[in-house]
Amino acid sequence: MQTRVPCPHPHASLIGQQFGSFRTTKLIGEGGMGSVYLGEHTLIGSKVAIKILHEHLAANPQLVQRFYAEAKAVNLIGHANIINIFDMNLIPPRLYYLTMEYLEGYPLNNLLLQPMECHMALGILEQVCDALDAAHAHGVIHRDLKPENIFITQRGRNAHFVKVLDFGIAKLFSENTSPHQTAAGILVGTPEYMAPEQTSALPVNAKTDIYSLGVVAYAMSTARLPFGGNMADLLLAHRERLPMPPHQLNPKLPQAWSNAILKALNKNPEERFESARAFAEALACSTHPLRTTTQAPASSPPLFANGLPKPQEAYTAGVGNAQACSLATQASAPLPPLEIWDEAQHNWSSQKTVEWNKSGCFVQGTSLPPLFSRLRLRVAGQWVLEADVVQHVGAEQSKQWSLPEGYGLHFVSTNASLQPMLAAIEQGLYSNPMPTAGLSTQAEKELDALKKRFEQPSPYEQLGLQPNAEFANIRARIREIHKQLHTLEGQNISDPQRQSIQHLKSQLEKTRATLGSPLARAAFDAQQKNFHGIARSVAAGLRASEMEQLRKNHLNSHPKAEGIAHFKMLMADVLSKKGNISRAIQFMEEALSEDPLNLGFHQRYWTLLNQEPQL
């Protein structure tokens, strides 16, 4: 049962108040919509952040809806680089709050006192782009991306692990709201980072977030914003003025890096990158020599991924005799079949190629995928790899250079078994092998390992995790396995292998249903007498009322458990009074194994653990 907290005065302190299973201990931040407090679990001491809607906004139903939209959006996306929200609730009459992941670190704006090195900026921006891509894939746009909403924390060896915050004004693509409903009397977004369409009451989409991220990238690269001034000046500048190219402010920047940022800042959404991932790829290409692509002047033919011109006679003059001979030989030699994975149709589509080398290939065709996008390829029906689109040859360039229309691909990674074939192609010695259905040896081993893992009865063992695993680790492992299965499914596989993958996907979904939410996990862990897992569910927001109902069900099916557990608890009390903490802990663990959903037992157990002498 929750403690009733009176609706506070706007300046009243909420420190020490109870919110569900957590008690606030200090104020850690304030924003336009709410205040954020540090909360500690009253039983096991775990920390969360509690975001409370400002009292003066709580009377506006639209603002309350916007406040809770954050939890809805984050729950829908479920990404490692987006802050987790565990619960949302109301303490009558108007105290609305969210319980979310507590992060230790600092916002990105702390790093913007001077221009950042490209490699450091890229590591951060790629993670933000991953988070945005996940949001956009679920129909969610952030609409208020800025350095204050990009939080930097430590995760393992990664000192700049990103968490994107504040989806409080996020909007679903499919949401049909009028401008008045959307605005609720407040300009949605932050003027310094707002896309032109936001200031013009035009529809917003994923490219709106790409513009805002472009402003963030500009600030990271130059330690300056593209535009300044008061609100009116800012809004007008975003709609009408062109920013100074970043490399003119910071000469250390590659021009391609600067160009990528300017493309993200294009006034016309259609001229921006197709996706956040494409933006990240453009930045990555600008910092990697083999992945750099510059726009060639109209009078010059394009360079291929490794710097060699195309093999047509029209421009072999600039290539050494040995290279020209090799390229001319390749033009008449057989080339391996190439297929590209079609995400929309969920199948492989055959493509015609006119050049190959160890770094990539050139695909002929009039349908050009976005520049810097990443494609999945299957070569000769056997090898699956990824490649970046690094060149476009459109209709105009095709006429000027007497080339077929198409695009150049640069291989991101290739396995060792593919290298001899690529070398043979360059020497004109390649002959088409007959493709055989079935996974490669390495992929077959991966599939067998997954099948063996999912033969285990416990969902924890299926995920390769301990029974006391954190929810974040469970979700990350599920995403990892799902991605692995998706990759295997896209290869040239036999029907039995495809059936095995579908079966594993079904089992993974069952595991997700069992361990993916606090309530479902607690119900499973109670059957397994796994009180450590139940403690994780409590920390993740399992409500006292839900836990009590689960406990009733558990005790009904184990009629002797409550009595045995009570006896074990009494023994633990006696031993703790005698100072034998270690033995008392053992008895409390036995008590919890019998009655794992007893909140009072959990509290005594954690109290004893805190009393145990440290060796």
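The values are calculated or read from the model by the stated rules, or taken from the named source; none is laboratory data. Bear in mind that the values here come from a model prediction, so they are computed numbers and not experimental data. Cβ sites come from the backbone with ideal geometry, for glycine too, and all protein chains shown count toward neighbours. Only protein heavy atoms, including side chains, enter the accessible area calculation; ligands, DNA and RNA are left aside. Shrake-Rupley method; radii C 1.70, N 1.55, O 1.52, S 1.80 Å.
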Any aspartates and glutamates whose Cα falls less than 12 Å from that of residue 207, other than same-chain ones fewer than 8 residues away, would be 133, 197, 270, 271, 274
Label model pair residue 486, residue 94: point-to-point distance (7 angstrom along the Cα→beta-carbon line) in nm is 4.3
In Å², rounded to a whole number, the accessible area per residue of region 203-266 with probe 1.4 Å is 43
Sorted on mean Cβ neighbours within 10 Å (highest first), peptides 134-140, 443-449 come out as 134-140, 443-449
One can check that the equivalent ellipsoid of region 493-554, built from the alpha-carbon gyration tensor with semi-axes equal to the square roots of five times its eigenvalues, has lengths in Å, largest first, of 32, 10, 9
In terms of the alpha carbon gyration tensor, root eigenvalues a ≥ b ≥ c, rounded if a/c is under 1.5 and otherwise prolate when a/b exceeds b/c or oblate, region 524-579 is oblate
Counting only DSSP loop positions in region 67-144, the GluC sites (Glu not before Pro) whose Cβ has at most 11 other Cβ atoms within 10 Å are 104
So, with points 7 Å from each Cα along the Cβ direction, the residue 423-residue 113 label distance in nm works out to 5.3
In nanometres, the difference between 0.36 nm per residue of separation and the alpha-carbon distance of residue 553 and residue 468 is 28.4 nm
accessible surface per residue for region 65-148, probe 1.4 Å, DNA/RNA/ligands not counted, whole Å² -> 40
The lysines whose Cα lies under 21 Å from the Cα of residue 252, excluding any fewer than 8 residues away in the same chain, are 263
Where a ≥ b ≥ c are root eigenvalues of the Cα gyration tensor, a/c under 1.5 meaning rounded, otherwise prolate if a/b exceeds b/c and oblate otherwise, region 1-146 counts as prolate
Here FRET efficiency (C-beta to C-beta, residue 72 to residue 47, R₀ 22 Å, nearest 0.05) is 0.40
Residue 543 neighbourhood, Cβ < 14 Å, K/R = +1, D/E = -1, net charge -1
Given a Förster distance of 30 Å, the FRET efficiency implied by the Cβ-Cβ spacing of residue 448 and residue 342, rounded to the nearest 0.05, works out to 0.60
Counting Lys and Arg as +1 and Asp and Glu as -1 over every other residue whose Cβ sits under 10 Å from the Cβ of residue 339, the net charge comes to +1
In Å³ per residue, the alpha-carbon convex hull of region 65-148 encloses 117
For 373-381, 23-31, ranked highest to lowest by mean beta-carbon neighbours within 10 Å, the order is 373-381, 23-31
Residue 491 neighbourhood, Cβ < 14 Å, K/R = +1, D/E = -1, net charge -1
By accessible area (1.4 Å), largest first, 133, 144 order as 133, 144
Pairs over 25 Å Cα to Cα, from 163/483; 26/578; 483/510; 72/510; 47/163, come to 26/578
Here the averaged projected area of region 461-522, based on the convex hull of its alpha-carbon atoms and given in nm², is 4.1
Ranked output for segments 589-602, 334-347, 359-372 by mean other Cβ atoms within 10 Å, highest leading, reads 589-602, 359-372, 334-347
About its Cα centre, region 496-599 carries a charge dipole, from +1 on Lys and Arg Cβ atoms and -1 on Asp and Glu Cβ atoms, whose size in debye to the nearest 20 is 300
Distance in nm between residue 609 and residue 106 label points, each 7 Å along Cα→Cβ, equals 3.2
With the charge dipole of region 460-615 built from beta-carbon charges (+1 for Lys and Arg, -1 for Asp and Glu) about the Cα centre, the Cα from 572, 586, 506 projecting farthest to the positive end belongs to 506
